[in-house]
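The values are calculated or read from the model by the stated rules, or taken from the named source; none is laboratory data. Everything numeric in this text was worked out from a predicted model, so none of it was measured. Using ideal geometry, Cβ is built from the backbone for each residue, glycine included, and neighbour counts are taken over all protein chains shown.
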Amino acid sequence: MRNYEAVVIISSDLSPESTKGVISQVQETVSKNGGRVDGLQDWGKKRLAYKINKKQDGNYVLFNFQMDSKNAKKFEQSLRLNDQLLRYLLVNKDAL
């Protein structure tokens, strides 16, 4: 299993309960793909450097997790298809 780090930007239009729901949805996706979440940091609402989908703010969340490399593509695809995420960045920490 490899160590990964993902930073996601969740739409600021969502209520705090919905934001927590999106966070738990991402955690469940990691678990379904055979991974394990090691850490979670909610950085809160921050102003974006430029507008994304006509939105100026976003909720930043950092995930640290372990997952097999063959399942990382499935996980990335699920992030790409999630409409509530403005942006995401998935990094293999072992390759650094």
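The criterion of being more than 13 Å from E5 (Cβ to Cβ) and within 14 Å of the chain's Cα centre (by Cα) does not hold for G39. State all residues of the stretch 39-63 that are touching a residue at least 24 places away in the same chain (Cβ under 8 Å) and either assigned to a loop (DSSP other than H, G, I, E, B) or within 17 Å of Q25 (Cβ to Cβ) (or both); if no residue qualifies, say none. Passing the criteria: L40, N53, G58, N59, Y60, V61, L62, F63.
In the set (1) at pLDDT 95 or above; (2) touching a strand residue (DSSP E or B) at 6+ places or on another chain (Cβ under 6 Å), S24 fails one condition alone, (2).
As a summary of the residue check, K45 satisfies the conditions (1) in contact with an Asp or Glu (Cβ under 7 Å, 6 or more places away or on another chain); (2) surrounded by fewer than 14 Cβ atoms within 10 Å (Cβ to Cβ); (3) closer than 18 Å to E5 by Cβ except for the one numbered (3). Of D83, D94, all but one fail to be outside any strand (DSSP E or B), within 13 Å of E5 (Cα to Cα), at pLDDT below 95 and out of contact with any Cys (no Cβ under 8 Å at 6 or more places or on another chain); the exception is D94. The requirement of being at positive phi and at pLDDT below 95 is fulfilled somewhere in the stretch 47-64, by at least one residue. Inclusion of R87 among residues that are under 13 Å from V8 (Cβ atoms), in contact with a strand residue (DSSP E or B) (Cβ under 8 Å, 6 or more places away or on another chain) and touching a residue at least 60 places away in the same chain (Cβ under 8 Å) is warranted. Between V26, V8, V22, the distinction of being of a type in the set (A, V, I, L, M), buried (at least 16 other Cβ atoms within 10 Å of the Cβ) and out of contact with any Phe, Trp or Tyr (no Cβ under 7 Å at 6 or more places or on another chain) belongs to V22 only.
K74 fulfils the conditions (1) in contact with an Asp or Glu (Cβ under 7 Å, 6 or more places away or on another chain); (2) surrounded by 12 or more Cβ atoms within 10 Å (Cβ to Cβ) except for a single criterion, (1).
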